[in-house]
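Student: The structure follows.
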Amino acid sequence: MKYRRLTKEQFEELHQEFINFLATQSITADEWANLKENKPEVAEMELDVFSDLIWEGVLNKAEYLEHFAPQHMYLFNLGEEKMHAIVVNVKNDAVDITTKEGYNWLRENLMDDSVEFLQADKDYSEDKNLDKFMMIEQGASITKGELYHYFDNLIN
């Protein structure tokens, strides 16, 4: 398995897609029930293959990631050849931007000396989607890029 198995909740959300996936494998509902009962290792393998397919599709479509830490905001534009990062550093230990109060402080104090903006480009490894997946596993979220564009316009 390349990524990780979807959660029970994710499988429930994707129930119809999983049925369609099984159908493409010529596996009927009765055959699926039989596999789960008599060949659980084959059923597990099907769950893993389906999970990887779903992850691959999601990662192919992902254009922006965001990751918040108490004093840092990481905003990524996932380009074709490389990713561009904007990092907002808050050099004030009393402020935690993962809280509503801290985020509001940041919004009101963007030009404060304790707020620093950094930018960098980062090349992907041989597996761009695995790079994206690892960032998600470390806490990043897929977004539409509104914050990225806001800060890109602010600092460029």
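The values are calculated or read from the model by the stated rules, or taken from the named source; none is laboratory data. None of the values given here were measured: they were computed from a predicted structure. No Cβ is skipped: glycine too gets one built from the backbone with ideal geometry, and neighbour counts run over all protein chains shown. Remember, those area values only see protein heavy atoms, side chains included, never the ligands or the DNA or RNA. Shrake-Rupley method; radii C 1.70, N 1.55, O 1.52, S 1.80 Å.
Student: Would you work out what percent of the accessible area of region 1-65, with all protein chains in place, is carbon or sulfur (probe 1.4 Å)?
Tutor: Using a 1.4 Å probe with all protein chains present, region 1-65 comes out at 53 percent carbon and sulfur.
Student: Assigning unit charges at the beta carbon (Lys, Arg +1; Asp, Glu -1) and nothing else, what dipole magnitude in debye, to the nearest 20, does the chain show about its Cα centre?
Tutor: That gives a dipole near 80 debye.
Student: Be a star and scan region 15-58 for residues whose amide nitrogen sits under 16 Å from the point 7 Å along the Cα-to-Cβ vector of residue 8.
Tutor: Counting backbone N atoms under 16 Å from the label point, the list is 15.
Student: Quick one: accessible area per residue over region 79-132, 1.4 Å probe, rounded to a whole number of Å²?
Tutor: Per residue, region 79-132 has 64 Å² of solvent-accessible surface.
Student: Can I ask one more? Work out how far the C-alpha atoms of the chain reach from end to end along every principal axis, then list the three figures in whole Å, largest first.
Tutor: Between the extreme Cα coordinates on each principal axis of the chain lie 65, 34, 21 Å.
Student: Which GluC sites (Glu not before Pro) does region 19-116 hold that lie in a coil by DSSP with at most 10 other beta carbons within 10 Å?
Tutor: Answer by residue number: 80, 81.
Student: In percent, what relative contact order does the chain have, based on Cα pairs under 8 Å that are 6 or more apart in sequence? Walk me through the intermediate numbers first.
Tutor: Working: 180 pairs, mean separation 35.1, N = 156.
In percent, rounded to a whole number, it is 23.
Student: Would you mind checking region 100-127 for residues with the amide N under 15 Å from a putative spin-label position 7 Å along Cα→C-beta of residue 152?
Tutor: Those under the cut-off are 119-122.
Student: I've got another one for you. Which residue fluctuates the most in the chain, going by a Gaussian network model with Cα springs under 10 Å, if the choices are 76, 11, 68?
Tutor: Greatest mean-square fluctuation among the candidates belongs to 11.
Student: Round to the nearest 10 and give me the degree value, 0 to 90, for the angle of helix 15-24's Cα axis relative to the longest principal axis of the chain.
Tutor: It works out to around 50 degrees.
Student: Here is a follow-up. Multiply the residue separation of residue 89 and residue 28 by 0.36 nm, subtract the distance between their alpha-carbon atoms, and state the gained length in nm to one decimal. Display every interim value, and only then the final one.
Tutor: Values: separation 61, 0.36 × 61 = 21.96 nm, distance 5.34 nm.
This chain segment gains 16.6 nm when fully extended.
Student: Taking region 48-156, which trypsin sites (Lys or Arg not before Pro) meet the DSSP loop condition and have no more than 13 other C-beta atoms within 10 Å?
Tutor: Counting only loop positions with at most 13 other Cβ atoms within 10 Å, the trypsin sites (Lys or Arg not before Pro) in region 48-156 are 91, 144.
Student: So what's the back-of-envelope 222 nm ellipticity for the chain, counting only DSSP H runs of four-plus at -39500 (n - 2.57) apiece and dividing by all residues, rounded to 500?
Tutor: Theoretical 222 nm ellipticity from helices: -15000 deg cm²/dmol.
Student: Angle, helix 29-38 long axis vs. longest principal axis of the chain, Cα atoms, 0 to 90°, nearest 10?
Tutor: 90 degrees
Student: Can you give the local net charge around residue 81? Use residues other than it whose beta-carbon is closer than 15 angstrom to its beta-carbon, Lys and Arg +1, Asp and Glu -1.
Tutor: Within the 15 Å Cβ shell, the charges total -3.
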